[in-house]
1. Filter the stretch 130-172 down to residues that are at pLDDT 70 or above and under 17 Å from the mean Cα position of the chain (by Cα) and give me whichever is surrounded by the most Cβ atoms within 10 Å (Cβ to Cβ).
2. Among the residues that make up the stretch 28-50, is at least one of them free of Cβ contacts under 8 Å to residues at least 24 places away in the same chain, under 27 Å from residue 123 (Cα atoms) and not aromatic (Phe, Trp, Tyr)?
3. Kindly provide the set of residues from the stretch 13-29 that are assigned to a strand (DSSP E or B) and more than 16 Å from the chain's Cα centre (by Cα), ordered by number.
4. If the Cβ limit is 8 Å and pairs must be 6+ apart or interchain, which residue in the stretch 75-97 that is closer than 15 Å to residue 161 by Cβ pairs with which residue that is at pLDDT 75 or above and of a type in the set (Asp, Glu)?
5. Assigned to a helix (DSSP H, G or I), surrounded by 15 or more Cβ atoms within 10 Å (Cβ to Cβ) and of a type in the set (Asp, Glu) - does that describe any residue in the stretch 42-49?
6. Anything in the stretch 7-25 that is in contact with a helix residue (DSSP H, G or I) (Cβ under 8 Å, 6 or more places away or on another chain) and either more than 17 Å from residue 109 (Cβ to Cβ) or surrounded by fewer than 18 Cβ atoms within 10 Å (Cβ to Cβ) (or both)? List them, or say none.
7. If you take the residues of the stretch 51-66 that are among the hydrophobic types (A, V, I, L, M, F, W, C) and surrounded by fewer than 23 Cβ atoms within 10 Å (Cβ to Cβ), which of them is farthest from residue 107 (Cα to Cα)?
8. Any idea which residue in the stretch 95-122 is surrounded by the fewest Cβ atoms within 10 Å (Cβ to Cβ), counting only those that are assigned to a helix (DSSP H, G or I) and among the small types (Gly, Ala, Ser)?
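The values are calculated or read from the model by the stated rules, or taken from the named source; none is laboratory data. All values reported here derive from a predicted model rather than from experimental measurement. Backbone-built Cβ (ideal geometry, glycine too); neighbour counts: all protein chains shown.
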Amino acid sequence: MLRILIVEDNAQFAATLKYLIEENAYYRVVGTADDAESALCAVDEHNPDVVLLDLHLSRGTTGFTVAVKLAELNIICLIVSGKAPTFPMADLAIGCLTKPFTADELHRALSLTEDILRGRETLRPKAPPNLTLYEQGDYGDLEEPTYPATHLSPKTRLRNWIANWLEKKLLQ
C-alpha cells in the first residue's frame, strides 16, 4: 500500500485529490496539509511514502522549503502545480504533474511514482503528457560541502539546479 500525503492550499482541490487517489485500493491518503509548517508536522506524524506537493501554499509559504526537508528525509515528492518549474529539481522531486489533469492521468502518475519508489527497472504505464519526470542529473565537478554530509545543503542544491538548467539551455 502506498501511503500518500497531500500538501495543497486549496481545500476543495485537496479533497478531490484524496477522493481520486483512494479510488485505487492500493493507495491511501494519510493526511493533508495546506502550508509548509503543517506539511512538515504531517510528515513527522504520518511518515508517508510519497508527498504530492503544490508549490504555492497558504500563509505565504512555498513548497520548495517542504521539498528540501523531504529530500533530507528521503521521502519521494511529486510536485502538483499549475505551472511546472522552469529549472530541473531532480534532487528534490521525481517530477511535476501539471494541473489540470484527469483521474486517469493522476493514477498513471502515481503508478510511475510507485515504480520509481520501488526501484522497478521498467515503468508500467505510459506517462501522461502533463507529467514531467526529472532525471537524476550528473552535476559534474560542482563544489561539494567541505563537511561529511549525507545530503547537500540547500545552497549547494540551488547552485546545482542553476548549473544544470544553464547547461541544458546552452545545449539546446
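1. Result: 131.
2. No, the stretch 28-50 has no match at all.
3. At the first step, the residues of the stretch 13-29 found to be assigned to a strand (DSSP E or B) are 27-29.
Within the stretch 13-29, 27, 28 meet the criteria.
4. From residues that are closer than 15 Å to residue 161 by Cβ, the pairs are 79/54.
5. If we filter the stretch 42-49 for residues that are assigned to a helix (DSSP H, G or I), which is where we start, we get 42-46.
Filter once more, keeping what is surrounded by 15 or more Cβ atoms within 10 Å (Cβ to Cβ): 42-43, 46.
Subsequent filtering for residues that are of a type in the set (Asp, Glu) retains none.
No: zero hits.
6. Of the residues in the stretch 7-25, the ones in contact with a helix residue (DSSP H, G or I) (Cβ under 8 Å, 6 or more places away or on another chain) are 7-8, 17, 20-21, 23-24.
Within the stretch 7-25, 23, 24 meet the criteria.
7. Applying the first criterion (among the hydrophobic types (A, V, I, L, M, F, W, C)) to the stretch 51-66 yields 51-53, 55, 57, 64, 66.
Filter again for surrounded by fewer than 23 Cβ atoms within 10 Å (Cβ to Cβ), leaving 55, 64.
Details: 55: 20, 64: 24 Å.
By that ranking, first place goes to 64.
8. If we take residues in the stretch 95-122 being assigned to a helix (DSSP H, G or I) and among the small types (Gly, Ala, Ser), then 103 is surrounded by the fewest Cβ atoms within 10 Å (Cβ to Cβ).
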